[in-house]
Each structure stands twice: as C-alpha cells, then as structure tokens.
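Heads up, the thing below is written out as structure tokens.
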Amino acid sequence: MRVFKFAVAALLACQLLAAPAFAIGDPSEALPDPAQEARAVAIGQQLRCLVCQNESIEDSGAELARDLRKLVRQHVAAGESNEQVTAWLVARYGNFVRLRPPFAAATWLLWASPVLALIAGICIVYLARRPLPPSPLSEAEQDRLRKILEQ
C-alpha cells in the first residue's frame, strides 16, 4: 500500500512539472526558425496571461494565452523587433499585460505599495503599543488619596 501511494505521488509530481511543457498545445504553433521561436518565447515570458494573471502566456494553458502566443509569433515572423511586439500588445491591452510593468507616474503607487504597507504597519504597531497618559483623578479619588497619605 505504501508503494502505491508513493507511485501515485510521483506520478502527480511529474504531471505538475510537465504542465508548462503543454502550454503550446499544437507543435505547429511554433515558428520554423529556431531563432525567431526563441525570440517569441522570450517575449511571451514577459507577458501576463490575462486569464491566469500570475503566469506568462508561455506557461499558461488558457485559450486567450494561446491566442496571444499566436499573435506574438505572427509579429515576430513579420520581422518586428521585441520592443515593437511588446508595444503593440501594450497599446491593445495596457501595461497590465506586462508581468513587470515599467516604473512610470501611473504605476508609482503599484511599485511603492509594499513600502507604504510596511510603514503603515509600523505606525499601527507603534500607536497600539504606546502607553496612554493617565487620566486625571476625580475629586472623590483625590480626597481618598489624601486620606490614605495622611495615615
């Protein structure tokens, strides 16, 4: 029984490791020129799958990612540079299509958000742990204190 469980776990691990290899579902999708295919893959690794949002279009198996891979390969085959292909996709889908958007005035909050969150957390912890000043004694408490101190 233990061997069976190990075999099933090993098979599942192999399938997970092989998943990105099946991203290009159809081998005819690849460009015939190896240099152009390498360029298309490099461009695709920098572009976000708009369905998965945390994978590149080269790693995703979504239909939209497949369509974007085809578009990238069409533009590369047409002789466009990497920058031209990326600019075309950014013009169509916005900077969100990039896995690493450039630092610009419109994206400064995105890039600064980890630092701002850290500063906000430090301020919250400081304010929560800060001792509060004691409230002044009421007249009754002052009278009671005087009586205790006079004894």
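The values are calculated or read from the model by the stated rules, or taken from the named source; none is laboratory data. The structure presented is a predicted model; accordingly, all values stated were derived computationally and were not measured. Every residue, glycine as well, gets a Cβ built from its backbone with ideal geometry; the counts of neighbours run over all protein chains shown.
Working only within the range 21-58, note down all residues that are part of a loop (DSSP other than H, G, I, E, B), over 22 Å from the mean Cα position of the chain (by Cα) and either surrounded by 13 or more Cβ atoms within 10 Å (Cβ to Cβ) or modelled with pLDDT of 90 or more (or both).
Correct list: 24, 30, 31.
Report, by residue number, each residue of the range 73-93 that is under 22 Å from the mean Cα position of the chain (by Cα) and of a type outside the set (D, E, K, R).
Correct list: 86, 87, 89, 90, 91, 93.
Identify, please: which residue in the range 59-72 is charged (D, E, K, R) and over 13 Å from residue 97 (Cα atoms) and is, among those, farthest from the chain's Cα centre (by Cα)?
70
Which one of these is part of a helix (DSSP H, G or I) and either of a type in the set (D, E, K, R) or at pLDDT 75 or above (or both): 8, 76?
Step by step, each of 8, 76 is checked, and only 76 is part of a helix (DSSP H, G or I) and either of a type in the set (D, E, K, R) or at pLDDT 75 or above (or both).
Name every residue in the range 79-107 that is more than 22 Å from residue 30 (Cα to Cα) and either small (Gly, Ala, Ser) or modelled with pLDDT of 90 or more (or both), in order of residue number.
Of everything in the range 79-107, those that are more than 22 Å from residue 30 (Cα to Cα) and either small (Gly, Ala, Ser) or modelled with pLDDT of 90 or more (or both) turn out to be 90, 91, 92, 94, 104, 105, 106.
If you check every pair at least six apart or on different chains, which have Cβ atoms under 6 Å apart with a residue in the range 122-134 that is in contact (Cβ under 8 Å) with a residue 40 or more places away in the chain first and a residue that is in a helix (DSSP H, G or I) and among the aliphatic types (A, V, I, L, M) second?
none
Would you say residue 83 is in a helix (DSSP H, G or I) and among the acidic types (Asp, Glu)?
For residue 83, the condition - in a helix (DSSP H, G or I) and among the acidic types (Asp, Glu) - is met.
Identify all residues within the range 94-108 that are in a helix (DSSP H, G or I) and out of contact with any Lys or Arg (no Cβ under 9 Å at 6 or more places or on another chain); write none if there are none.
Residues satisfying the conditions are 95, 105, 106, 107, 108.
Which residue pairs have Cβ atoms closer than 6 Å, lie 6 or more positions apart in sequence or on different chains, and pair a first residue in the range 88-110 that is surrounded by 12 or more Cβ atoms within 10 Å (Cβ to Cβ) with a second residue that is of a type in the set (S, T, N, Q) and part of a helix (DSSP H, G or I)?
Going by the 6 Å Cβ cut-off, the qualifying pairs are 101/95; 101/107.
Restricting the search to the range 38-56, which residues are farther than 14 Å from residue 82 by Cβ and touching a Leu at 6+ places or on another chain (Cβ under 8 Å)?
48, 49, 50, 51, 56
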